[in-house]
Amino acid sequence: MREHVQERDRERGQEGDRERHGLLRIGLAEVYNPSMVPTLLPGDQLIVQYGAGVRAGDVVVLRHPFAQDLLIVKRVVERRAGGWWVAGDNPYVHNDSREFGVVPDELVVARALARLRPPPGAGQRSVAGLVSWAAAAVRPVRSGRGPLGWLAGRSARSARSSSRRLRAR
């Protein structure tokens, strides 16, 4: 039993060293709902960086302020007193700061770096279809131009994201 505890403590120490050196700071998150359509679709995976700095325009994973065991994906709109104002890219889904207000810094878990689109289903197995999917499967998650640019350019950027998505499919 004592050897097991010492081994566990040694593993925790090594894990702490890896975290301090940034080796455990990258992970995956899956998108489940349509709040970030057209930028992200349900089923997309995100490559995220834990503990990364956040700025307006970034896509982030955060704990829902009313149910902190629930992780959600939103775009940072701007800095406000007490934290970040966040919103989904889908104007028809209101599960964002319009509903729950400013999100404190400690609830922001990670910043999204890239989107991974899932492989095509059984119906699309042609070589051309797979090559097209492979070329568009991994995309960086674009940051906005700051809070005012993000708000002013939201519909234009949504149109660009939508056209990219259509080409990717």
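Can we say A29 is assigned to a strand (DSSP E or B) and either more than 14 Å from the chain's Cα centre (by Cα) or modelled with pLDDT under 95 (or both)? So A29 fits the description; yes. Out of all the residues in segment 56-90, which are assigned to a loop (DSSP other than H, G, I, E, B) and touching a residue at least 40 places away in the same chain (Cβ under 8 Å)? Residues satisfying the conditions are A56, G57, D58, P65, G88, D89, N90.
Here D9 clears all of (1) over 16 Å from L113 (Cβ atoms); (2) at pLDDT 95 or above except the condition numbered (2).
The values are calculated or read from the model by the stated rules, or taken from the named source; none is laboratory data. Keep in mind that this is a model prediction, so the values were computed, not measured. A quick note on method: Cβ atoms are made from the backbone with ideal geometry, for glycine too, and the neighbour counts reach across all protein chains shown.
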